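Before any comments, here is the structure.
The values are calculated or read from the model by the stated rules, or taken from the named source; none is laboratory data. Computed from a predicted model, the values in this text were never measured in an experiment. For neighbour counting, all protein chains shown are included, and Cβ atoms are generated from backbone atoms with ideal geometry for every residue, glycine included. Please note that ligands, DNA and RNA were not included when accessible areas were found on the heavy atoms of the full protein model with its side chains. Shrake-Rupley method; radii C 1.70, N 1.55, O 1.52, S 1.80 Å.
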Amino acid sequence: MARKLWAKRGLAALATGTMAVSLAACGGGGAGAGGGGGAGDGEEGGLVGVAMPTQTYERWIADGGAVEEGLKAAGYDVDLQFAGDDIPTQQQQIDAMINKGAEALIIASIDGTALGSQLEAAAAADIPVISYDRLIRDSENVDFYVTFDNYTVGVQQGTSLLTGLGILGEDGEPAADAPEGPFNVELFAGSPDDNNAGFFFEGAMSVLQPYIDDKTLVVPSEQTDFGTVAIQRWEQEGAQERMENLLTSTYTKGDVKVDGVLAPADVLSRGIITALKNSGYGKGDLEMPIITGQDAEAASAKLIVDGDQYSTIFKDTRLLAEQAVTAATAFLEGNEPEANDTETYDNGVKVVPSFLLPTVIVTKDNLEAELVESGYLTEEEVASGQVDE
């Protein structure tokens, strides 16, 4: 399924692009710059291990397939594994990749702090480690990080919530005819063991906090700190349960209703939407709140078209996969990948050189242009809410 997804979404463009050419030639310094494990010997081919967290969510299937096909197009053998969101399984999978002779590792971690022994083994074998989308923490043995600008993703989520409420205009500036409010909003955050979740929340709150302070936005539950609003493992069921609890505890009094929800990912948005609909939102005079998201998943694209979800953040995983392949190729050719950020991503032990990719706010107004015309989703997939296998 993953390979079909990627083939449909532009393998030809990736295979003929710059991914097979290293972006810089400034010499070794990472774990891959030298012998051991075959990295840096300039020889074509070799085995690359690709560790993905789960096949539960559409985006990780697409990511895994994208990286696999890109590496194969560049001439490498690939060991792609999905861990079912189970930390011991991912640890065992990476151990097995090292034992098989992997010459580079691309890892999207489940828990960014749980791979210490695997990273030590990789470093001992001179195997470069590329952290994929989620920063691997508390280890010096992380050589490169490919991701999106995660703080900006949060800023975009906060901005789109304000735009949906009419507080900001489409240009991001205060709307001339903005309603007075106050607006009742609830806040959600991602999994606390995912380093990105903190960046998303901080970015969003940098936009929302001034409006909370001046009472334009009110959080009736009074739950505003990351630890309280975080959803472990990004579980849809966890988001639905928390939203149900909020509705029961806070929104059964008088005419108090939910006007907006900060949701950091589409999978959480769908759980939140289910809880709201089960409570009568979207029926009669009780309109659906403004709900944000992230990942531009087909199921949520349909919800946006249907008017149940307001926005998502489009992170083009085709570009992320291309950058991961480019980084791996650079290491395996004895070079260092080009970074465009060498200051932001401190993993607790070192600042990891990073390549950050741009993101786009998608609403009903630009969904066709951004998702369909770009080839990321087809019209049929948006209409059905399912990616064709």
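Here the stretch 245-389 is treated as an ellipsoid with the same Cα gyration tensor; its semi-axes, largest first and in whole Å, are 37, 21, 11. Shown for the stretch 321-389: the carbon plus sulfur share of the solvent-accessible area, taken with all protein chains present and a 1.4 angstrom probe, equals 43%. Rounded to the nearest 500, the helix-only mean residue ellipticity at 222 nm of the chain stands at -11500 deg cm²/dmol, with each DSSP H run of n ≥ 4 adding -39,500 (n - 2.57). For the stretch 154-253, the spread of Cα positions along the three principal axes, ordered from largest to smallest, is 40, 35, 21 Å.
Per residue, the average separation of C-alpha pairs within less than 8 Å and at least 6 apart gives the stretch 217-287 a relative contact order of 37 percent.
Across the accessible surface of the stretch 107-224, with the other protein chains kept in place and a 1.4 Å probe, carbon and sulfur atoms take up 45 percent. Packing around the peptides 90-98, 344-352, 192-200, taken as the average count of other Cβ atoms within 10 Å per residue, puts them in this order, highest first: 192-200, 90-98, 344-352. Between the residues Gln309, Thr216, Ser384, the greatest Cα displacement towards the positive end of the dipole of the chain, with unit charges on the Cβ of Lys, Arg, Asp and Glu, is found for Ser384.
Please name which of Asn141, Thr159, Thr89 has its Cα lying farthest along the dipole of the chain towards the positive end, using unit charges on Cβ (Lys, Arg +1; Asp, Glu -1) and the Cα centre as origin. Value: Thr89.
Taking the convex hull of the alpha carbon atoms in the stretch 105-177, what volume per residue do you get, in Å³? Don't skip to the end; give the middle numbers.
Details: hull volume 7.1 nm³, N = 73.
Taking only Cα atoms, the stretch 105-177 has a hull volume of 97 Å³ per residue.
Once all Cα-Cα distances of the stretch 204-317 are split into 10 Å bins that start at 0, what whole-number percent is in each one? Taking every Cα pair in the stretch 204-317, the percentages come to 13, 46, 35, 5, 0. Database remark: amide H of Ala104 closer than 5 angstrom to the amide H of Gly49 (H placed geometrically; neighbours at sequence offset of 5 or more, or on other chains; Pro and chain starts carry no H).
Residues of the chain: accessible area per residue at 1.4 Å, in Å²?
Values: 15000 Å² over 389 residues.
About 39 Å² of surface per residue is accessible.
For the stretch 335-387, the spherically averaged projection of the C-alpha convex hull amounts to 6.4 nm². Gyration tensor analysis over the Cα atoms of the stretch 38-150 returns equivalent ellipsoid semi-axes of 19, 17, 13 Å (largest first, whole Å). When the chain is treated as a Gaussian network with alpha carbon springs shorter than 10 Å, the biggest mean-square fluctuation among Ala239, Ala124, Ala327 belongs to Ala124. What the Cα atoms of the chain give is an Rg and a Dmax of 21.4, 71 Å. Taking Cα centre as origin and charging only the Cβ of basic (Lys, Arg, +1) and acidic (Asp, Glu, -1) residues, the dipole magnitude of the stretch 231-382 rounds to 680 debye.
Net charge within 9 Å of Ser139 by Cβ-Cβ distance, Lys/Arg positive one each and Asp/Glu negative one each, not counting Ser139 itself?
Values: positive: Arg137, Lys350; negative: Glu120, Asp138, Glu140.
Taking every Cβ under 9 Å from that of Ser139, the sum is -1.
A crude spin-label estimate for the pair Asp77 and Lys257, with each label 7 Å from Cα along the Cβ direction, gives 6.1 nm. If you build a Gaussian network model of the chain, linking Cα atoms that sit under 10 Å apart, which residue out of Ile87, Ile127, Ile304 swings the most? Between Ile87, Ile127, Ile304, it is Ile87 that shows the largest mean-square fluctuation. Against the main long axis of the alpha-carbon atoms of the chain, helix 58-73 sits at an angle near 20°.
Approximating the spin labels as points 7 Å out from Cα along Cα→Cβ, the Ser206-to-Ala383 distance works out to 4.1 nm. The charge dipole of the chain, taken about the Cα centre with unit charges on the Cβ atoms of Lys, Arg (+1) and Asp, Glu (-1), comes to about 540 debye, rounded to the nearest 20.
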